[in-house]
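Heads up, the thing below is written out as structure tokens.
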Amino acid sequence: MKSLIDAMLHEDLTAPRKQRHTARRILARLADEHGHTDLKYPTVRDDVARRRAEIALEAGNPVVEAMVPQSHEPGAEAEVDFAELYVDLAGRRTKVFLFTLRLSYSGRAVHRVFASQGQEAFLEGHIHAFERLGGVPWERIRYDNLKAAVSRVLFGRDREESARWVEFRSHYGFDAFYCRPGVEGAHEKGGVEGEGGRFRRTHLVPVPQVTSIAELNSRLAAFDDADDARRITNRARSVGDDFATEATMLRPLPTEAFEPGLLLTPRVDQHARVTVRQARYSALPDIECTGGRE
């Protein structure tokens, strides 16, 4: 029986990728073509998994990339992501952006909504999360290639970071880990990827109705506190219990505050207006600034 399985797997070395044997197909062929009707699927599956890797190695083919579960030290790492979210804001369906920072060890997460994914919102989200958690991960935080941090994607994991982002990281004392682009890197920060969906389904369905983003963020803070009582998958301890251990391991907050806003020195035109990011505003104190776009 083993020689028959090996023969089928050797056939796969030259077969098109999408037309290679699965363990179930091998089991069916063993029963239909060779009369091995007494075989059980788990037995064939385990033998196929072992021999496929061995045969590929013997043939000199590249070893298929494998993944192992991540393990994290308390206070060492976190993951960050932005996700789209719709709310009924003052009676109008509006798209906003949900910032999430999730500690990798305990699963304790902080959520905050912003009107954009701009760098100011990105930095303010971090500052809010660090203050809510009472500290900063002492090793690194994992990211996609967000424009708020990355100016250009280089070779491998090398990135050209924006100067403002480098200044922010230096102020808080953590490193950035950039995941590979696309689906290949999704598992590298799978905790926050799953957290965004879980949080929306649990707390933001149906679509929230609020009068302001500040009101919504107040609700999110309450939801985050309530989630301390939940348990992740098969863990024996709750998120809050694990966070109580992790909180003591976080790096202390810096004594000086960091200003997340962008400082600009726009020029006033002949109509007493200034232009900021393609929007014009009145520079006169007694005239209401509408921020209307040209």
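The values are calculated or read from the model by the stated rules, or taken from the named source; none is laboratory data. Keep in mind it's a predicted model, so treat the numbers as computed, not measured. Glycine gets a Cβ as well: all are built from the backbone with ideal geometry, and neighbour counts include every protein chain shown.
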### Query
Is there any pair linking a residue in region 65-93 that is farther than 13 Å from V207 by Cα and among the aromatic types (F, W, Y) to one that is surrounded by fewer than 19 Cβ atoms within 10 Å (Cβ to Cβ) and at pLDDT 90 or above, with Cβ under 6 Å and at least six apart or on different chains, and which?
F82/F97
### Query
Among (1) at pLDDT 85 or above; (2) out of contact with any strand residue (DSSP E or B) (no Cβ under 9 Å at 6 or more places or on another chain); (3) not assigned by TED's automatic domain parsing to the domain that holds D88, where does P252 come up short?
(2)
### Where K147 falls short, out of the listed (1) touching a strand residue (DSSP E or B) at 6+ places or on another chain (Cβ under 9 Å); (2) charged (D, E, K, R); (3) closer than 29 Å to P208 by Cβ; (4) at pLDDT below 85
(1)
### Task
Could you look through region 50-88, keep only residues that are small (G, A, S) and not in a strand (DSSP E or B), and pick out the one that is modelled with the lowest pLDDT?
A66
### Query
Hey, D47 hits all of (1) assigned to a helix (DSSP H, G or I); (2) modelled with pLDDT of 90 or more but one; which does it fall short on?
(2)
### Query
Looking at region 205-238, which of the residues that are modelled with pLDDT under 90 and among the aliphatic types (A, V, I, L, M) is farthest from G125 (Cα to Cα)?
A236
### Query
Considering region 236-269 alone, what residues qualify as being touching a residue at least 40 places away in the same chain (Cβ under 8 Å) and closer than 21 Å to G196 by Cβ?
V239, G240, D242, F243, E246
### Message
Taking the criterion of being of a type in the set (F, W, Y) and in contact (Cβ under 8 Å) with a residue 24 or more places away in the chain, would at least one residue in region 35-55 satisfy it?
### Response
no
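Can you tell me which residue is modelled with the lowest pLDDT among those in region 121-144 that are among the aliphatic types (A, V, I, L, M) and in a strand (DSSP E or B)? It would help to see each step written out before you state the result.
First, the residues of region 121-144 that are among the aliphatic types (A, V, I, L, M): 121, 123, 127, 129, 133, 136, 141.
Pick out the ones that are also in a strand (DSSP E or B) and you get 136, 141.
Values: V136: 95, I141: 92.
Top of the filtered list is I141.
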### Query
What do you reckon, is E184 at pLDDT 90 or above and in the same structural domain as Y86 (by TED's automatic domain parsing)?
no
### Query
What about A76, is it in contact with a strand residue (DSSP E or B) (Cβ under 6 Å, 6 or more places away or on another chain) and under 23 Å from V136 (Cα atoms)?
no
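Select, from R102, R112, the only residue that is touching a Gly at 6+ places or on another chain (Cβ under 8 Å), modelled with pLDDT of 90 or more, farther than 18 Å from P208 by Cβ and part of a strand (DSSP E or B). Give the steps one after another, and end with the answer.
On the way: R112 fails: farther than 18 Å from P208 by Cβ.
Just a single option satisfies the conditions, and that option is R102.
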